[in-house]
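In what follows, a single structure is set out as structure tokens and then discussed.
The values are calculated or read from the model by the stated rules, or taken from the named source; none is laboratory data. Keep in mind the model is a prediction, meaning the values are calculated, not measured. Cβ atoms come from the backbone with ideal geometry, glycine included; neighbour counts cover every protein chain shown. The accessibility values were calculated without ligands, DNA or RNA, using every heavy atom of the protein model including side chains. Shrake-Rupley method; radii C 1.70, N 1.55, O 1.52, S 1.80 Å.
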Amino acid sequence: MTIPFISTNSSLPAVSATVIGAVLIVGLGVTMGSYWTVVALNLFMWIALTQSWSLFSGMTGYISLGHVVAYGIGAYLVAVTFKMIPLWLSIPLGGLAAGLFALIVAIPVLRVRGPYFVILTFGLAELVKYILLYTETTFGKSSRLLFGAPKTEVLLYWVAALAVIATLITYFVGRSRFGKGLAAVREDETAAETIGVPVTRLKVLAFAASAVIPGMIGGLMAMRSTYFDVLQVFNPTISFSIVTMAIIGGAGDARGPILGALFMLGLAELLWSTAPQLYFILLGLFLIGFVLFAPNGLIGLIKRRKQPKGSVS
Amino acid sequence: MSLLSIKSLSKNFGGLQALNQITLDVTEGSVHGLMGANGAGKTTLFSIIAGNQRATTGTILFAGQPINGLRPDQVCKRGISRTFQIVRPFAGLTVRENVEIAILYGRQTPPKVSEAAALAQDILADIGLDALSDQPAGSLTLSGRKRLEVARALGTEPRLLMLDEVMAGLTPVEVTDMIASLRRVKDSHGLTILIIEHVMSALTDMSDTITVLHHGEKIAQGTPKQIADNAAVQEAYFGIAEPLEAPA
């Protein structure tokens, strides 16, 4: 996977397309009734999560299978402080807490690469889940009801805004000095540090940054379900879905996670209610197919069609 | 004046003494050759200077400042750049992007991101890779990859360039080209070069001074001519020369 470094043309079209697209979908979601409001909410949630994941894992090649931990920590902070501090404060705090957690664990966790890193991030998320579950049950709070949460439309505005911000961050980081350093880390860490790239600092920063928006999303989605349950907000399926969307859409390019989220939600809308078994069978087949035949995802396929073979960027 | 000054440097890997009390001075503006058989400790010495490995004991001064214990990226910013014997291109990025990253991170005062591409193109022209700058680095031939190692090292604007066998595996024509390119960039960038090379003709051709390592010890130092005539070097490379005895 290559990050496009075509930074000569202005970024205005990409930025405006992202914002206009998001506003249109929000408008459609709200006007077409509550069902579609929820569909739009889910779409933006997955875009924000996958985009944030891509900021770290897509750019550095360290595949995190524990990104739900950020989501869960954000949800937990918002649920615990619900009605004590206002949401406009607790949701950013949830993001901050997730980022802080990532910053603290980054140094030990980022010492390992490849499959070890994948397993470690997965294990870490499970560890946090069970520690919180134990804490909550000890204090007799296995789940918390959150009465008086904002309406779905309000949550949609927040989540859509975060999806736009996450997309723009991935887009701009990809063409920045920071992004180029991360690409060097992905390609060869020893060579990178030998030509002056502060490898550890870049990895830690990207890891922490990629947790902030998922933390805020977690807080918002806890409001959406109107109750907080540790097992639900730390569900590893969320991590798996993020990685699946990134693989199908393609990581390392800001358009990839959008395509991945659209593809998976489209498939779910078509089949979920009518043929749920078929949905999972197809999802599995698509995942295998993409890994084998289109490792750079949908965005890789589009780029390949646009360019004659042999030429690059 | 010596740009790089190594004093009593030793490195142990467990029980193995890879380098033993090496003292070495590299004169500013010179080409200093390092020779020795496989396992003599040449690449280990490079790795320690560049910060990829730590010395067990000893000090390294660069431009009068100690650089022991600095991380590789910090050593690079001080003005030392190395190439790798086993080339390590960023294979998934283009040739130009490889050099751009070196320009953006290796220099003490990096240029703007928008200026890096043009600067990279200049360096690639210096080293004869400019026609391939849009190709993925992974598609280069060995000769191209060796050149890219040099171009990327130059991107960091080094004062001291350490070349680890950049001519190994090249054809004689490619070796001649590489020597010409190195001479050119040495003059245009005002470089000091420390070079490991097994292609002996290239080493003697380029070096002002040669240091010979053998089993981690420095056994000789001098001009290429002095080294060729040195008894200890001959012994290390060819064994002890015993006079033939006339049959009784």
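Couple of notes before you dig in:
- Within the option set A:Thr170, A:Thr194, being more than 14 Å from chain B (Cβ to nearest Cβ) and either more than 24 Å from A:Pro108 (Cβ to Cβ) or modelled with pLDDT of 95 or more (or both) holds for one residue only, A:Thr170.
- Here A:Ile288, A:Ile302 are screened, and the one residue that is open to solvent by 50 Å² or more (accessible area, probe 1.4 Å), over 11 Å from A:Thr50 (Cα atoms), at pLDDT below 90 and in a helix (DSSP H, G or I) is A:Ile302.
- Across the stretch A:205-255, the qualifying residues are those that are in a loop (DSSP other than H, G, I, E, B) and open to solvent by less than 30 Å² (accessible area, probe 1.4 Å), and the one among them that is nearest to A:Trp88 (Cα to Cα) is A:Phe234.
- The stretch B:120-133, subset of a type outside the set (Gly, Ala, Ser) and either buried (at least 20 other Cβ atoms within 10 Å of the Cβ) or within 7 Å of another protein chain (Cβ to nearest Cβ) (or both), residue nearest to the chain's Cα centre (by Cα): B:Ile127
- Qualifying residue in the stretch B:42-54 (condition: within 14 Å of chain A (Cβ to nearest Cβ) and touching a Cys at 6+ places or on another chain (Cβ under 6 Å)): no
- Residue under evaluation A:Pro198, criteria (1) closer than 20 Å to A:Leu65 by Cα; (2) touching an Asp or Glu at 6+ places or on another chain (Cβ under 7 Å); (3) of a type outside the set (Val, Ile, Thr), criterion not met: (1)
- Residue among B:Ala168, B:Ala202 that alone is in a loop (DSSP other than H, G, I, E, B), under 21 Å from the mean Cα position of the chain (by Cα) and surrounded by fewer than 24 Cβ atoms within 10 Å (Cβ to Cβ): B:Ala168
- Only a single item in (1) more than 17 Å from A:Ile63 (Cα to Cα); (2) crowded, with 17+ Cβ neighbours inside 10 Å; (3) touching a residue at least 24 places away in the same chain (Cβ under 8 Å) is not met by A:Tyr279, and it is number (3).
- Among residues of the stretch A:80-95, those that are assigned to a helix (DSSP H, G or I) and more than 15 Å from A:Phe207 (Cβ to Cβ), counted: 9
- Strands (runs of 3 or more DSSP E) contained entirely in the stretch B:20-118, each with at least 1 residues that are open to solvent by 40 Å² or more (accessible area, probe 1.4 Å) and not charged (D, E, K, R): B:57-62
- Residues being within 12 Å of chain A (Cβ to nearest Cβ) and open to solvent by 30 Å² or more (accessible area, probe 1.4 Å) - total across the stretch B:134-143: 5
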